[in-house]
Amino acid sequence: MTLTLALRRFGLVAAAALLVTAVGMKPLHAMGGDNATQTDDGSGDQKKKKKKNNAIEEHQQQLAWEKFQQGYRSARMVILAGNYRGGIAAMHALGHDDNPDVANYIGYSYRRLGDYQDSKIWYQKALAADPNHARTWSYYGMWQMEQGNRLKALDDLQKVKLICGDTSCEAYRQLKDVIDGKATY
């Protein structure tokens, strides 16, 4: 069995496991704190209940975040292994399409599949969620280069430099290499 075939099979298994795991997971924003104001009847019981509920809710949020992080890392590995369709499905299964990292990797996957229109949509979603997301600006600059828009890619490179604070961050170096014709991503 070739390495590529093994990685694809691993990706499919990981995506399936991720889907099964994600079915029971609620989106993080739905598990947030209780926004309704509770009134205190003067007995102090409401304050005790509120503190206890806040601790429980915070614990639930922490568990949900850890579960999301674990799923995200698995989905990212599927994408990095080259199983872009499986990675897209795994990212969607997380239920956090509005997360800039999730949207960015969905955009990246579509770009690697040659679906530039969907890729652009997802990069824009990532940037709407976080306008200072250096990795998305870098990948979007690569998208621009693949579209023949060198000037726009150079503009995106400058955005990455401003976000990173210098030219030493990986997002800057990768985009610069693509613009200079030294690499493709």
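Calculate, in nm to one decimal, what Met77 and Asp118 gain on full extension: separation in residues at 0.36 nm each, minus their alpha carbon distance.
On the way: separation 41, 0.36 × 41 = 14.76 nm, distance 2.08 nm.
Answer, rounded to one decimal: 12.7 nm.
Overall shape: prolate for the stretch 47-185, with the ratio a/c of the largest to smallest alpha carbon gyration tensor axis at 1.5 or above and a/b above b/c. Neighbours of Tyr123 by Cβ distance under 15 Å: Lys/Arg scored +1, Asp/Glu scored -1, total -2.
If the chain linking Lys152 and Asp97 were pulled fully straight, counting 0.36 nm for each residue of separation and taking away their Cα-Cα distance, it would gain 17.2 nm. Sequentially through the stretch 151-163, phi angles give Karplus couplings (6.51, -1.76, 1.60; θ = phi - 60°) of 5, 5, 4, 5, 4, 5, 4, 5, 5, 4, 4, 5, 5 Hz, Gly and Pro residues having no value and appearing as x. Count Lys and Arg as plus one, Asp and Glu as minus one, and take only other residues whose Cβ is under 11 Å from that of Gln147; the net charge is then +3.
Read-outs: derived from the displayed coordinates by stated rules, not from any lab. Bear in mind that the values here come from a model prediction, so they are computed numbers and not experimental data. Cβ sites come from the backbone with ideal geometry, for glycine too, and all protein chains shown count toward neighbours.
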